[in-house]
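For reference, the structure discussed in these notes is given below.
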Amino acid sequence: MPVTRIPPVPSSEITPRDVWMNRRTLLAGAAGTIAASSLPGTAWAAPVIEPLSAPRNPAFAPSDQPTDKKLATTYNNYYEFGTGKADPARNAHTLKVRPWTVEIVGEVAKPRTVGIEDLLKMAMEERVYRFRCVEAWSMVVPWVGFEFNKLAALVEPTSRAKYVRFTTAARPDEMEGLRASRAALDWPYTEGLRIDEAMHPLTMLTLGMYGETLPNQNGAPVRIVVPWKYGYKSAKSLVRIEFLEKQPVSSWTKAAMHEYGFYSNVNPEVDHPRWSQSRERLLPGLFASRKTEMFNGYAEQVASLYAGMDLKANH
Ligand SMILES: Nc1nc2c(c(=O)[nH]1)N[C@H]1C(S)=C(S)[C@@H](COP(=O)(O)O)O[C@H]1N2
Ligand SMILES: [Mo]
């Protein structure tokens, strides 16, 4: 069956929503046929997009306007659905986001499993954050959610909890990237933060964007957003959150240790081994026309977390 490819779209060429939706419906139909023939018994559900609005927190309002919603939801990294920027928007509809639970375990006094409905009820504010990918492009996104530390408070981390590991769902039936003959990453996708980074008020457990629940391609139904770090720290579609004594090794570090360190703080002075980080391309721009800001512009809030640390060695 021929596969229709939707190329990454500059915002000037983005189709109106109705055209896009029609296209998606057609593609969904084609994917459904494939799924039905190659994976008997695999049903797939439509993504759940519902209104999810919360008051905007005025303390988080960068001078830039939010990135066009269509661009932020069609230019994605979500390797479980393919490695191309347009793949997640095309393929992620197969992920079943209801029912959904998140296990919170490890070095905590009260481990528990939380249902997505309860997490949605906790989503209480919108914050417009700069979001910077290690690939040197950036966006400005209005995320809806709540501070991760509020979730942590429910499980009461013990004094041994020094790190937090975030784990994404790994479902070959629902994620075509997991059926590829050569795995793009070591699944499930895992990422980690030091406990003080996780508990920092900027770290947001995110359930929505642009006033709606997250589209699957952006990490539905729940993800983390850590705005002063490169985007890969912000793991999507979380099923497990573990409080750990030892520093976890993330999927990206396993893939290329010298390229993707544990800290991944946005830093114009520490280049990726294969490209510069000194400038960035704010989407939909085509050129790296801006200077990268230290900690992605959040230095005032987070620099103290790294006082005395060599940020080149701990990149
Ligand atoms: N599970 C999972 N989470 C992921 C990724 C991924 O491939 N799989 N990609 C990361 C990278 S590299 C980036 S830049 C952001 C992209 O988030 P966005 O698509 O919402 O912009 O998601 C991050 N979280
Ligand atoms: Mo990224």
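Taking other C-beta atoms within 10 angstrom as a stand-in for reagent exposure, Val226, Val105 fall in the order Val105, Val226, fewest first. In the chain, Cα pairs under 8 Å separated by at least six residues give a relative contact order of 19 percent. In this structure, the amide hydrogen of Ile104, modeled 1.01 Å from its nitrogen in the peptide plane, lies closer than 5 angstrom to those of Arg112, Thr113, Val114, Ile241, counting only residues at least 5 positions away or on a different chain. As a proxy for reagent exposure, Ile49, Ile224 were ordered by neighbouring Cβ count within 10 angstrom, fewest first; the result is Ile49, Ile224. In a reduced charge model with +1 at each Lys and Arg Cβ and -1 at each Asp and Glu Cβ, the chain shows a dipole moment near 400 debye about its Cα centre.
Dipole of the chain computed with +1 at Lys/Arg Cβ and -1 at Asp/Glu Cβ about the Cα centre; of Pro62, Tyr230, Leu95, farthest Cα towards the positive end is Leu95. Residue-wise HN-Hα couplings along segment 127-138, as the Karplus relation 6.51 cos²θ - 1.76 cosθ + 1.60 with θ = phi - 60° gives them from phi, are 10, 8, 10, 6, 10, 10, 7, 4, 6, 6, 10, 9 Hz; Gly and Pro carry x. Taking a ≥ b ≥ c as the square roots of the eigenvalues of the Cα gyration tensor of segment 106-230, is the shape rounded (a/c under 1.5), prolate (a/b larger than b/c) or oblate? It comes out rounded by the Cα gyration axes. Summing Lys and Arg as +1 and Asp and Glu as -1 over all other residues whose Cβ lies under 11 Å from the Cβ of Asn57 gives a net charge of -1. The residue list Thr206, Gly192, Ser250 was ranked by how far each Cα lies along the charge dipole of the chain toward its positive end, using unit charges on Cβ atoms, and Ser250 comes out on top. Evaluated with a Cβ-only charge set (Lys, Arg +1; Asp, Glu -1), segment 114-204 carries a dipole of roughly 280 debye about its Cα centre, given to the nearest 20. Let a ≥ b ≥ c be the square roots of the eigenvalues of the Cα gyration tensor of segment 177-231; is it rounded (a/c under 1.5), or, if not, prolate (a/b larger than b/c) or oblate? It comes out oblate by the Cα gyration axes.
Taking all Cα pairs closer than 8 Å and separated by 6 or more residues, the relative contact order of segment 87-228 comes to 28 percent. Among Glu300, Glu242, Glu197, the residue with the largest mean-square fluctuation in a Gaussian network model of the chain, with springs joining Cα atoms closer than 10 Å, is Glu300. Can you give the FRET efficiency for Leu305 and Glu125, using 1/(1 + (r/R0)^6), R0 = 25 Å, r = Cβ-Cβ distance, to the nearest 0.05? The value I calculate is 0.70.
Please give the Cα centre distance for segment 258-290 versus segment 149-169, rounded to the nearest Å. Value for the Cα centre distance between the two parts: 29 Å.
Put simply, the amide H of Arg279, placed in the peptide plane, has neighbours under 5 Å in Thr292, leaving out anything fewer than 5 places away on its chain. In sequence order, segment 97-108 has phi-based couplings of 9, 9, x, 8, 9, 10, 8, 10, 9, x, 6, 9 Hz under the Karplus curve 6.51 cos²θ - 1.76 cosθ + 1.60, θ = phi - 60°, and Gly or Pro positions carry x. Using every pair of distinct Cα positions in the chain, the Kirkwood expression returns a hydrodynamic radius of 20.0 angstrom. Comparing Val108, Ser159, Phe287 along the charge dipole axis of the chain, the residue lying farthest to the positive side is Phe287, per the Cβ-charge model.
Each residue of segment 286-303 was assigned a 3J(HN,Hα) from its phi angle through the Karplus expression (A = 6.51, B = -1.76, C = 1.60, θ = phi - 60°), giving 9, 10, 7, 8, 10, 6, 5, 9, 4, 6, 6, x, 10, 4, 4, 7, 10, 3 Hz with x at Gly and Pro.
Projected label points at Leu286 and Gln247, each 7 Å from Cα along the beta carbon direction, are separated by 4.1 nanometres.
Computed from label points 7 Å out along Cα-Cβ, the spacing between Lys162 and Asn57 is 2.8 nm. Here the relative contact order of segment 187-315, from alpha carbon pairs under 8 Å that lie six or more residues apart, stands at 22 percent.
Every read-out reported here was derived from the displayed coordinates using simple, explicitly stated rules and does not represent laboratory data. All of these numbers come straight from a predicted model, not from anything done at the bench. FYI the Cβ positions are ideal-geometry reconstructions off the backbone, even for glycines, and counts take in every protein chain you see.
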